[in-house]
Amino acid sequence: AQSVTQLDSQVPVFEEAPVELRCNYSSSVSVYLFWYVQYPNQGLQLLLKYLSGSTLVKGINGFEAEFNKSQTSFHLRKPSVHISDTAEYFCAVSRDTGRRALTFGSGTRLQVQP
Amino acid sequence: SQTIHQWPATLVQPVGSPLSLECTVEGTSNPNLYWYRQAAGRGLQLLFYSVGIGQISSEVPQNLSASRPQDRQFILSSKKLLLSDSGFYLCAWSGRGFDEQFFGPGTRLTVL
């Protein structure tokens, strides 16, 4: 089975500052990794995904994440945040074979302040 | 392009009443379908997934059931709601490659 730990439940940051949202996972098999964003009372939107290849993945809205297999991490970063980035961010993993339902972390609330 | 619909958007139901939430997908065929629940302040918990018509896998023992009567329709049901069934219910689909899931807008269920 897989598990995902998002180390910070809330991250306050000022507008135009950089941000890193942390994600660590545990799995006995190879995994795919995802970051989703959820705006209030809405569904989830995919920000980026790591399936294979380059460990630095670029996504939408200026976000990027780096897969670190030795540290079993997949931290999300953005060099300069905007007010509109205020949302809940979820890290998720799935197996790369067989049953591939997503296992989610508990989420990190990013609060961008002016 | 593919779209996924859920209804109703919000629902307030008394304890002990039945439940039926519907999810439909357009623009794709033979999708994998999923139901998740998001309790207040918590992450998403997979409830059910389906790889085809009539094929349902349950992830956790609970008061809910799911059905897939048509290829692109996924229904979440309960005969008698509990207070603990309150939450935000999300339907999702993925293609046969499984590599990512696409989520619907969700249904906010409040059980009183």
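Packing, as the average of other Cβ atoms within 10 Å across residues, places the peptides B:87-94, B:102-109, B:48-55 in the order B:87-94, B:102-109, B:48-55, highest first. Counting protein heavy atoms only, the protein assembly as shown has 51 percent of its accessible area on carbon and sulfur, 1.4 angstrom probe. For the chain pair B and A, buried accessible area totals roughly 1500 Å², probe 1.4 Å, rounded to the nearest 100.
Counting, for every residue in B:43-54, the Cβ atoms of other protein chains within 10 Å of its Cβ and taking the mean gives 3.
Taking the inverse of the mean reciprocal distance over all distinct Cα pairs, the Kirkwood hydrodynamic radius of region A:3-113 comes to 14.0 Å.
Entry comment: accessible area of region A:3-113 is 46 Å² per residue, from protein heavy atoms only and a probe of 1.4 Å.
The mean sequence separation of alpha-carbon pairs under 8 Å and at least six residues apart, normalised by the residue count of chain A, gives a relative contact order of 37 percent.
Computed over protein heavy atoms with a 1.4 Å probe, the accessible surface of region B:1-93 works out to 47 Å² per residue.
Entry note, chain B: relative contact order of 36 percent, from Cα contacts under 8 Å with a spacing of 6+ residues. Look at the stretch A:40-53: the mean tally of other chain Cβ atoms within 10 Å of its residues' Cβ atoms is 3. With N as its number of residues, chain B has a Cα radius of gyration that, divided by 2.2 N^0.38 Å, comes to 1.00.
Computed as a quarter of the hull surface, the mean projected area of the alpha carbon convex hull for region A:63-114 stands at 4.7 nm².
Over what distance in Å are the Cα centres of region B:1-21 and region A:63-97 separated? Cα centres, region B:1-21 to region A:63-97: 30 Å. For the protein assembly as shown, lysine pairs with C-alpha atoms less than 22 angstrom apart, excluding pairs fewer than eight positions apart on the same chain, total 6.
List the trypsin sites (Lys or Arg not before Pro) in region A:1-77 that DSSP assigns to loop (not H, G, I, E or B) and whose Cβ has at most 12 other Cβ atoms within 10 Å. Which are they? Counting only loop positions with at most 12 other Cβ atoms within 10 Å, the trypsin sites (Lys or Arg not before Pro) in region A:1-77 are A:69. Within the shell defined by Cβ-Cβ distances under 12 Å, the residues around residue B:73 carry a net charge of -1, with Lys and Arg each +1 and Asp and Glu each -1. For the peptide A:86-96, the mean number of other protein chain Cβ atoms found within 10 angstrom of a residue's Cβ is 2. Each part reduced to its alpha carbon centroid, region B:38-112 and region A:1-46 end up 21 Å apart.
The values are calculated or read from the model by the stated rules, or taken from the named source; none is laboratory data. The model shown is predicted, which means the values in this text are computed figures rather than measured ones. Neighbour counts are summed over all protein chains in view; Cβ atoms, including those assigned to glycine, are modelled from backbone coordinates with ideal geometry. Ligands, DNA and RNA are excluded from the accessible area calculation, which covers all protein heavy atoms including side chains. Shrake-Rupley method; radii C 1.70, N 1.55, O 1.52, S 1.80 Å.
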